[in-house]
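No value in this document is a laboratory result; all are computed from the given coordinates. Remember, predicted model here, so these are calculated numbers, not experimental data. In this analysis, Cβ positions are derived from the backbone assuming ideal geometry, glycine residues included, and neighbour counts consider all displayed protein chains.
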Amino acid sequence: MSGQKTKFINPDNVDPDGLAEAQAVSGAGALTLNGALIVDGTFTADYARRIGILSAGNDSGITFTIVGTDADGFAISEAVTGASAAPGTAESVLYFKTVASVTASGAAAGNVSVGTVDEIATNTFTLDNYNTDGATISVEDITGTIDFSIDETFTDFQNYQPIEFYDVVAFTTKTAATRGILMTHATGFRLRVNSYTNGADLKIVINQDRPR
């Protein structure tokens, strides 16, 4: 017998100033989160997202600290060095499901905006790691242009955080429907979208035999 699950991934449109509309930053302190994606002072994403900080001037001499949570609800923060181009966008390395604050370490050279970019990560989909068969993952029904990867984890969710992920070679930077098998005893996986056009989506089908 087998167990099958289906997940639909349909990212929201990118919004470059959805967290903070263009504003002067006269010194160290928190930016005003006043973008269209802010509700009750907080940004909550459809999926965890890399955050883009758009600087009108050269802000490479300061950092912007983003505080929030990751795709699985764990607290994270990251100090992002401002962009040197004028204008230019600096992106977080981490993926934020929520953002509670963005704080500059000093005065910015010009106006600063904060928003989403076209890179997301899903929450961790759990697997039966006691199963002797690796899960088969099929990515199907792709609409629009989307570049994606899949990462697997062997983390013990009960005893260890944060979750550590490893690239699955068979699913690295794919742009078309594909399928492959994860390692035996993987405890879970996530899908990362490396880039996409607005309106793009896809379907993930997860098959893992039940223990015999």
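Tabulated values for the structure
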quantity: Residue-span extension gain [residue 205 to residue 140] - 0.36 nm each, minus C-alpha spacing; calculated: 22.6 nm
quantity: Stokes-Einstein translational diffusion, the stretch 20-120 - Kirkwood Rh over all Cα pairs, 1.567 mPa s, 4 °C, in µm²/s; calculated: 99
quantity: For the stretch 158-212 versus the stretch 70-113, the gap between their alpha-carbon centres in whole angstrom; calculated: 26
quantity: Chain lengthening between residue 85 and residue 26 when straightened (0.36 nm per residue, less Cα-Cα); calculated: 19.3 nm
quantity: At most 14 other Cβ within 10 Å, DSSP loop - GluC sites (Glu not before Pro), the stretch 86-180; calculated: 164
quantity: Per-bin percent of Cα-Cα distances, the chain [5 Å]; calculated: 1, 7, 15, 17, 16, 14, 11, 8, 5, 3, 1, 1, 0
quantity: As computed over the stretch 143-203, the Cα convex hull volume per residue (Å³); calculated: 94
quantity: Potential lengthening between residue 164 and residue 195 on full extension [0.36 nm per residue; Cα-Cα distance subtracted]; calculated: 9.0 nm
quantity: Rough spin-label spacing in nm, given labels placed 7 Å along Cα→Cβ, for residue 172 and residue 39; calculated: 3.8
quantity: Chymotrypsin sites (Phe, Trp or Tyr not before Pro) lying in DSSP loop within the stretch 91-132, provided at most 16 other Cβ fall within 10 Å; calculated: 130
quantity: Proxy reagent accessibility, fewest Cβ within 10 Å first, across 192, 49; calculated: 192, 49
quantity: P(r) of the stretch 73-188 over all Cα-Cα pairs, binned every 5 Å from zero, in whole percent; calculated: 2, 8, 16, 17, 15, 14, 12, 8, 5, 2, 1, 0
